[in-house]
Amino acid sequence: MVQETIRVYARLKPLGRRQQAGIYSVDDEKSLPSLEIIVPHDLADGFINNKRESYKFKFHKIFDQEAKQDVVFDNIAKPVAECVLAGYNGTIFAYGQTGSGKTFTITGGAEHYNDRGIIPRTLSFIFDQLQKDSSKVYTTHVSYLEIYNECGYDLLDPRHDASRLEDLPKVTIIEDSDQNIHLKNLSLHQATSEEEALNLLFLGDTNRMIAETPMNQASTRSHCIFTIHISSKEPGSATLRRSKLHLVDLAGSERIAKTGLGGHLLTEAKYINLSLHYLEQVIIALAEKNRSHIPYRNSMMTSVLRDSLGGNCMTTMIATLSIDKRNIDESISTCRFAQRVALIKNEAVLNEEIDPRLMIVQLKKEIQELKDELALVTGKQRTSELSQEELLQLDESIELFLKDNDPDSTLDVGADMRKIKYCFIRLKQLLNHSKASDKKQLLQHISEEKDANEAEKEELKKMKELLQQRNNEINILINMIKKEKKKARDALFQLNTASAGSTVLEQSLSINLNESRSPFSCSSLKEAKDFGSSFHRSSFLCRKPGEKMSLGCQEAFEVFKQDHADSITIEDHKQLLKQRFAEAKCLGEKLNEEKDRINHLKGAITQRHIQRAALAVSSPSEELNKLDPVEEKLRRQIEEGKQSYKTMFNHLKGLKIEIEHLQLLMEKAKMKLQKDFEVWWSEEATNLQQEKPEMVNSSNTATTYPQFIKSSQHLSTNSFSETSRVSPKEDTVEKRNSIAPSNPTSEIRTPSTSSVPLTGDSQADADILAFIKARQNILQKKGLGNK
Ligand code: ADP
Ligand code: MG
């Protein structure tokens, strides 16, 4: 890193013959030479403060009028060119009023070879150096930019020949994400030799000259930047050094007021002054300590020189002075500017970057070298991948290491990074795997517990439902008992009324139910059972596949069946069927008998034939040809038997059809009965649920039961009118037809209701039902019960 202030030089243009020299003195004695300008008194009424008579300015070096171009180059440009060759950026700019010798200094005079300026001399020097240095590979490019009225033009654009400056594509500034400046439309030309580079300079200068017309003296009012781009790299190295040297010929720094211009030229002058003003601002900003913002963007020139004015750059300024009497003020102004520039401290650093392509090549080479070295040390050639055998061995080692309970055990795989890495990966995998399986187990456990809970809940739900069902059954049965009791009471009441005048009947029909219970109970129970058994129980009880009628439900069905209108039809059918079966059986027996008789008669005829044949052998006569009356009789009897058999058979056939038909009818009636029962049963259950939800929902049936007993006892004291049928469906009709209770002569004792258990599955239940049935039978027999 090179750290120094910007070097500022002064160059005084030789005075022409007619020019009157201003008073100045150069002091070369000190380390920093100084230029003293003395303002003559006759100029005191000018714009310069006439109170001061002399101005002293310090420069790194002052080149007086007679200084030659080679001296200027050696002192100013050569050190910068050397830095650029070393990889730093550099800028040399000439600042001064028009005609002060900027172009002469930067480009040179056109007449003599010795008048060559900094650019050709620098190019010559650089190529000379490049030729001398064979340790690096250099590439050189040049560009030539002209900034006129804040617009950039490429002086090396081949279209310059045919076009005016304004018609050429403008060079624009593009800033990338790293805030690097790129110039669009500015061509970069490679120059492999000094000659090529000089040709390009000549081309640019010619273009600059062509564009210049008497009306448009661009050269004085435009800035020109000739840039030499050098990239260098040592052979085999991935490091690339890039540097550039800007050689800047600025526009004239003279003030507008002094020039006395107007119109188009004034505009130009404004631009020139403005861009120089911005250049000054940038320079002031760069000179200030801790200044974070540098206003580079204000003008094109400062933007282009952004990376070459301050910061990472070797910057040199040449203040060109035309020190004749008339230009004293401008000269002082230039010197002041130079003093400000001199305050800037630059820290130039090497512009090195890595060439990725070369880096890869270099790294590959390094890897190979290291591999070779490793193979030499280990005695083994190593591939990037471990072999299958090595992997297996490592797996075994890891397993042993994990199984080893010794806390001091180690996993030694040697100094092989591949193996060490594999072990770490494998251990990580194993750890993750065990974590995952733990998680899985936990989840499984949770889900099992959940399942168990759900099963328990399901079981509880089922139990509750069953309990509710049982409650319903009990309630329905109790209701039925109540109705039966009511019916019995009504019947008794009617019986008493009907037989009021007949003592015989009264005696025979005034039944004390208490007494009549025992004799009837057994027989009626038997009847009920018989009646019930005549049904195909299975078809009724197996309501749904897998669902059986509960005992309570069965008992209720038995009672329901007895009261059902269709039960009589079924009974009738049953009787008829029995009769027809008996008839068929009898007919069948007769048929068999008839068949046997016919067979017997056939046998007798055969016997008769044998006898007659024997007789013919012993006493041959014409008897044989005669008709045998016995045989004739037998044959007639057979014919009659056959006729009878046929008649009976046809009769039996008819009976079979009738029986089948009857069976079908019966089955149908049973189905209807079952269906009716189911409808009624569910209705009853629903009603009960609506009426007494608290009982239905109660889980303890023992507590609900007494209420039923109470209500049933209460009802048992009432008398009701007769109803033709006690069908649960007609319960409402029955209520409508009910009459006011009359004087009950006797009370039906509730058959041990207090002893009826809750489940409905008991002898007491059966007794109740038997009693009801018995009562019904009595009433039927007496023509008072259901039809
Ligand atoms: P500027 O570019 O600053 O406007 P020029 O470089 O064009 O000024 O110089 C104006 C004239 O002065 C030119 O003819 C040039 O040859 C001449 N001149 C300038 N400086 C010197 C010098 N040091 N020695 C000889 N002639 C010079
Ligand atoms: Mg010039």
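The values are calculated or read from the model by the stated rules, or taken from the named source; none is laboratory data. Owing to the predicted nature of the structure, the values given are computational and were not obtained by experimental measurement. Cβ coordinates were reconstructed from backbone atoms using ideal geometry, including for glycine residues, and neighbour counts include every protein chain displayed. Remember, those area values only see protein heavy atoms, side chains included, never the ligands or the DNA or RNA. Shrake-Rupley method; radii C 1.70, N 1.55, O 1.52, S 1.80 Å.
Tabulated data for the structure shown
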{"quantity": "Search result, residues across the range 70-86 that are open to solvent by less than 10 Å² (accessible area, probe 1.4 Å) and either over 24 Å from T302 (Cβ atoms) or within 16 Å of ligand 1 (Cβ to nearest atom) (or both)", "calculated": "V72, I76, A77"}
{"quantity": "Matching residues, the range 94-127, being within 16 Å of ligand 1 (Cβ to nearest atom), surrounded by fewer than 24 Cβ atoms within 10 Å (Cβ to Cβ) and among the aromatic types (F, W, Y)", "calculated": "F104, Y113"}
{"quantity": "Enumeration of residues in the range 331-382 that are modelled with pLDDT under 80 and of a type in the set (D, E)", "calculated": "E347, E352, E353, D355"}
{"quantity": "From the options S177, S222, S187, S163, residue that is at pLDDT 80 or above, more than 16 Å from ligand 2 (Cβ to nearest atom), of a type in the set (S, T, N, Q) and open to solvent by less than 90 Å² (accessible area, probe 1.4 Å)", "calculated": "S187"}
{"quantity": "Within the range 63-101, tally of residues that are of a type in the set (K, R) and in contact with a Ser or Thr (Cβ under 9 Å, 6 or more places away or on another chain)", "calculated": "1"}
{"quantity": "Some residue of the range 659-669 being β-branched (V, I, T) and at pLDDT 85 or above", "calculated": "yes"}
{"quantity": "Pair list, Cβ < 8 Å and 6+ apart or interchain, from the range 95-107 residues that are among the aromatic types (F, W, Y) to residues that are more than 6 Å from ligand 1 (Cβ to nearest atom) and open to solvent by 20 Å² or more (accessible area, probe 1.4 Å)", "calculated": "F104/D115"}
{"quantity": "L145 more than 28 Å from P14 (Cα to Cα) and either touching a residue at least 40 places away in the same chain (Cβ under 8 Å) or more than 56 Å from the chain's Cα centre (by Cα) (or both)", "calculated": "yes"}
{"quantity": "Strands (runs of 3 or more DSSP E) (entirely within the range 54-115) containing at least 2 residues that are within 16 Å of ligand 2 (Cβ to nearest atom) and over 60 Å from the mean Cα position of the chain (by Cα)", "calculated": "90-95"}
{"quantity": "Number of the exception - P120 against (1) part of a helix (DSSP H, G or I); (2) away from ligand 2 (no atom under 16 Å from the Cβ)", "calculated": "(2)"}
